[in-house]
Every structure is written in structure tokens, then in C-alpha cells.
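See structure below.
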Amino acid sequence: ISLNGDRFEEKDNLSRADFSTERVHASAIDWDDESTWPNEKLDIVIGSDLIYQSTIVPLLHKAVQGLLKEDGIFLYVAPDDGRDGLPEFIETMKSQGFRCVSQVVAPGSYKANPLSNRDEEEAFLHFHELASTTYV
């Protein structure tokens, strides 16, 4: 799901994004503690399977809104079903000026065993939902 601020024009801004290693940083932050957030607003925030209960929706919305530049992009991937709060999160984001500009099903290759040792039993132990879940 790709959600953009409402000031975005309907064009593919992501294709023009600079993903060079000097500009891309992974960060672990506490959504509820702004002192853990980066000092500068971000062009792009990427999240994966962040919502498991509806009570977290206001906190995640606050974090995404607080982290992104005014014309920033939020990319989010999650199972299409079985996550309490996901529909509420999408509605909250839309009601606050974000819009879904793209929703695609992740290709089957994204469900491949992610372990470097390729051990299928170990992969199933840790990622049992992977093969049977549709991600958008």
C-alpha cells in the first residue's frame, strides 16, 4: 500500500527517489517517543506488518505523520487479512489527508524461504504464515 500526502500530484514520485546508500538509513524508533525519531523529516517511510491490534492505530498514525515531510511517501506492506486494526489504520490515514495511490499483491517470489541456509523446516518454524498469506 502506498500512501501519499494529499499535496502530491498524481505521478510516480517514487521512481525519481534517490535510494543511494548515502541517503537510505534503517532506524529502530519508539513510535511514542519523539526523541528517538530522526532530527530531519523523511522523504520516504517504509513499514511492514506493523499493526496487530486496533489500539495501536493512533500511535502509528502520529509516528508516520510526524516522520514524513509534507510531500513524503509512506510504503506499507501487510497481510490482506487477519490484522486487527489494518482497515482502521487505512481509514485514519485517508481521513488525515493521505491517499492510497497503489495497492498491489506481492509477487510469489516474496514468499520464498528468506533464510540464507535455505533450511525449509527452520523457515516454516519461523515464518509459517509466509507461504499461505497474501501480502499487499
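The table below lists the values:
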quantity: Relative contact order (%) - criterion: Cα under 8 Å, at least six apart; region: segment 70-136; calculated: 51 percent
quantity: Long-range HN-HN contacts of Ile73 with modeled amide H, under 5 Å; calculated: Ile44, Val45
quantity: Probe 1.4 Å, protein heavy atoms only - accessible area per residue of segment 51-136 in square angstrom; calculated: 60 Å²
quantity: Summed side-chain charge close to Leu86 - residues other than Leu86 whose Cβ falls under 14 Å, Lys, Arg +1, Asp, Glu -1; calculated: -4
quantity: Percent carbon-and-sulfur accessible area, segment 46-136, ignoring ligands, DNA and RNA, probe 1.4 Å; calculated: 53 percent
quantity: Derived scalar couplings ³J(HN,Hα) [segment 98-108; Karplus, 6.51 cos²θ - 1.76 cosθ + 1.60; whole Hz; x for Gly, Pro]; calculated: 8, 9, 7, 9, 7, 9, 10, 7, 4, x, x
quantity: Length-normalised contact order of segment 26-93 in % [C-alpha pairs under 8 Å, at least 6 apart]; calculated: 40 percent
quantity: Full-extension gain in nm, Ser27 to Arg83, via 0.36 nm per residue minus C-alpha separation; calculated: 17.8 nm
quantity: Packing rank of 99-105, 54-60, 87-93, where each peptide gets the mean count of other beta carbons within 10 Å, highest leading; calculated: 87-93, 54-60, 99-105
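The values are calculated or read from the model by the stated rules, or taken from the named source; none is laboratory data. Keep in mind that what you see is a predicted model, and the values were worked out from it rather than measured. Because the Cβ atoms are built from the backbone with ideal geometry, glycine has one as well, and the counts that use them run over all protein chains shown. For accessibility, only protein heavy atoms count, side chains too; no ligands or nucleic acids. Shrake-Rupley method; radii C 1.70, N 1.55, O 1.52, S 1.80 Å.
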